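One structure is given below, encoded as structure tokens.
A short reminder: the numbers here are calculations on the coordinates, not readings from a lab. Here the structure is a predicted model, which means the values were calculated and not measured. Note: ideal-geometry Cβ built from the backbone for every residue, glycine included; neighbour counts use all protein chains shown.
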Amino acid sequence: MEVVTYNGSIDEFILSLDESTQSKVFRDLDLLKQFGHALRLPHSKHIEKNLFELRTRGAIEVRML
């Protein structure tokens, strides 16, 4: 699975996070690439048809749709 961002604001947001949180977000994005829509909690949550939330847990919690 390919992960695509539709504008640079997501990339800017990730790069604005502290180094530890960035590492966790990149790890979760790698898991998403590997498992696609089969990725489930705690890394991904099904919101509604064809919509999932990528969840990064830690001192700072990050959620992306």
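Sites listed here are GluC sites (Glu not before Pro) in segment 1-60 whose DSSP assignment is loop and whose Cβ has at most 16 other Cβ atoms within 10 Å: E2. Helices in the chain, meaning DSSP H runs of at least 4 residues, each add -39500 (n - 2.57). Divided by all residues, the mean residue ellipticity at 222 nm is -12500 deg cm²/dmol.
Of the trypsin sites (Lys or Arg not before Pro) in the chain, the ones in a loop by DSSP (not H, G, I, E or B) with at most 13 other beta carbons within 10 Å are R40, K49, R57. Here the contact order of segment 8-64, divided by its residue count and restricted to Cα pairs under 8 Å and six or more residues apart, works out to 26 percent.
Compared with the dominant principal axis of the Cα atoms in the chain, helix 19-35 is inclined by about 20°.
Relative to its residue count, segment 8-64 spans a Cα convex hull of 80 Å³ per residue. With neighbour counts taken as other beta-carbon atoms within 10 Å, the residues S20, S44 rank, fewest first, as S20, S44.
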